[in-house]
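The values are calculated or read from the model by the stated rules, or taken from the named source; none is laboratory data. This is a predicted model, so every value here is computed, not measured. Neighbour counts run over all protein chains shown; Cβ positions are idealised from the backbone, glycine included. Ligands, DNA and RNA are stripped out before the accessible areas are found, and what is left, the full protein with its side chains, is counted by its heavy atoms. Shrake-Rupley method; radii C 1.70, N 1.55, O 1.52, S 1.80 Å.
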Amino acid sequence: MFNLLYVPRACRRAPIVAVCGLTIAAASSAAAQASRVANADVPITKVILFSSGVGYFEHTGVVHGNAATQLRFKTDQINDILKSIMLQDQDGGRVGAITYPSQDPVDKTLRSFQIDITQNPSLAELLNQLRGARVTIQLQAGPSIAGTVLGVETRNKAAGQSVATTVAVLNVLSGATIREVELPSIANLTLDDPELQAELTKALSALVQSRDQDKKPVTIDFTGTGDRHVRIGYVVETPIWKTSYRLLLADTGTKAALQGWAIVENQTENDWKNVSLSLVSGRPISFKMDLYQPMYATRPTVVPELYAGLHPQVYEGGTDEDAAHPTMEAPGEVPPAPAPRAVAGGRANGTCVPRTVGCGPDGRPAQFSLSAVVTTSTGAQARENDFSSVQSSASTAELGDLFQYTVANVTLARQKSAMLPIVTDSVQAERVSIYNEGVLRSNPLTGVLMKNTSGKHLLQGPVTVLEQGGYAGDARIDDVPPGQSRLLSYGIDLEMPVHVNHHLTAEVVAAKISNGVVVFSRRITEAAEYVADNKSNKSKTLVVEHPTRYGLKIASSEKPFETTPTVYRFKKSVPANKVTTFAVSDESVNDEPLTLISVDANLIQNQAAGAHLAQNVRDALDNVIRQKQAITALSRDLAAKTQQITSITADQNRIRENMKAVAQSGDYYNRLLSKLNEQETQIEQLQAEQRSMSEKLQGLQKQLADYIATLNVG
């Protein structure tokens, strides 16, 4: 009849064919195409919905001989089908072809016709494309014109006094005459070329089909003899399944009843009839890839070698040959399956309980499935509380890092939604008041510290809290694995205002000297004093969320019972009608280096004053301070001597100027000369003292430098 699929030999031996190397050819006739209509019913029997927004769907059924089945999908699901579909023809059968309507980019399809309507051309633009085509024009007033299209031009046309407009004019060659026809005067225009008319019709049909968002049929052929079980699995995008909880708090004790509902939507094109529905909480990686729309390779344009330039080369990375060719199984062999792990109520020793996850309809373990282990029932028994009439219909199982709920025999019509009870268990819930200054400064929030003792993974979702037979508030919870605890807040505790006092202190707690540098270690303490005033007649447990700060650590004697990346959590009992104070201190120790040879003695003295220093460090710093003070005093005296010399030298210049203005034989001249001699004697004495002091200063500076260079204490 027709050749649909060539399957490589290695793929024919495999029990699962995932669209393995297929080559599709067109059917030879319309009759052959009609023969491929689905004639085998393969209903959906298993649905696994992931909290990441994808779903795994599995169809199982029985076919006889050479048969085909047809599934219908939305157009935007075809890419997921082509990426993920998995097929199995059991009992010696063979998977044939997978056929589906093709899709080409509409722009490329439209450009393939003689008349290009890609850019939504106007009538004038369309007629310009028809140059040389024979047409028949019927004017609104006048006879018809038959001729050949020459083209369309735009002309100015007077429309009244000092008013002009433009009009498109069609030029037509009719016989030996060129006729000019204004487009607005044309009543209708007929293409005389049937082939051209057909091309335009096909282009318009292609445009209509590109807007077709109807479902697409996917036909799967199976080849074999007799009755055989077949299996079809695929992954498509689905709405994220959600959870909603009800928490009933007991009047006394720490037990609470938790009820969890799964909210699921059947947005597929198939009704779910008695399917095995699994809800998996986890984040498997999934992505989209355009496999449905045909792609065309971009080919280079080749120019004569004389003008060609050398293009940059890109070389693909190589693989080690030994690593690239691992040992292959012998033809016809299938790798042995891993030894099954015994699970209570599920699969063990190569068999499994029918209609459970990982089990085929014939009672044999599934060869392929996204849920490879069998669930164990941990459904809650009836309890004496308001939720006792609602029983969980789900069994649970751990799948590595994932967790799943499985509900058997679910019936849900297409495009419908449902709520399914999956958790009806008791949990531990301690009533607390939760205070976080960054959330609400004046009061803590009413809440509970809930521990997940249900044995099930609780997916994130809203929690409606009920107490004393009525509504208490709403809370939110994130993913909670079994055994972990979470805080839930659902109201404001108006009976216990809280005030916070903040204090900041800093002190030097240590110092060390090495290589001429003293490093002071300064401790900065930030203290928060939480003052809680319990105005109620019952004791309360206050949970304080104290923020973590980068570089600071808790210095309080009381340690937090929980720590998160953003807060420390402390638990404090607050008696009835009492004010309770609770302090939390954070501290950090920062090093402040100072270079001893260049820093001022007063700065060292200020840093060391009141500091908790080792005695040898303090003695060394005192020695440095004394030497620096001596150097400073001597430098000050030396500066004073220099200033004296400068002052006397300036006065000598004045005396010399005066001596030039008087007679050398006069008394005043002799007096000035005598004064000048005295000053010269004084300058000589000062200069001698200056040299002595300078030498002494250099000695002190060298002495200090040598001392500091060898100083290593602390």
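At-a-glance table
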item: Ordering of 223-234, 141-152 by burial proxy (mean other Cβ atoms within 10 Å per residue, highest first); result: 223-234, 141-152
item: Computed E for Q460/T581 - FRET, C-beta separation, R0 41 angstrom, nearest 0.05; result: 0.70
item: Gain on full stretching of the segment that runs from N590 to A141 - 0.36 nm per residue minus C-alpha separation; result: 151.8 nm
item: Neighbourhood charge, 11 Å Cβ-Cβ cut-off, centred on Q484 and excluding it, Lys, Arg +1 and Asp, Glu -1; result: -1
item: Local electrostatic count, M496, Cβ distance below 13 Å [Lys/Arg +1, Asp/Glu -1]; result: +3
item: Distance between the stretch 502-522 and the stretch 169-202 - C-alpha centres, whole angstrom; result: 97
item: E689 accessible area, 1.4 Å probe, all protein chains in place, Å² to nearest 10; result: 80
item: Extension gain from E507 to R476, taking 0.36 nm per residue of separation minus the Cα-Cα distance; result: 6.8 nm
item: Inter-site label distance for L676 and K273 at 7 Å from Cα along Cβ, in nm; result: 13.4
item: Only Lys, Arg (+1) and Asp, Glu (-1) charged, at Cβ; the stretch 583-714 dipole about Cα centre in debye; result: 700
item: Sites E182 and S205 - FRET efficiency at Förster radius 25 Å, r taken between beta-carbons, to 0.05; result: 0.20
item: Approximate spin-label separation Q644-S485, in nm, with each point projected 7 Å along Cα-to-Cβ; result: 8.1
item: Candidate lysines - alpha carbon under 24 Å from K660, same-chain residues fewer than 8 apart omitted; result: K675
item: Segments 577-590, 618-631 sorted - mean Cβ within 10 Å per residue, highest first; result: 618-631, 577-590
item: Gain in span if fully extended, A630 to A158, counting 0.36 nm per residue against the direct Cα distance; result: 159.1 nm
item: Residues of the stretch 583-618 with amide N under 12 Å of a point placed 7 Å along Cα→Cβ from V713; result: 613-618
item: Total formal charge among the other residues, if their Cβ is under 10 angstrom from that of G65, Lys/Arg +1 and Asp/Glu -1; result: 0
item: Charge dipole magnitude, Cβ of K and R +1, D and E -1 - the stretch 588-656, Cα centre, debye nearest 20; result: 480
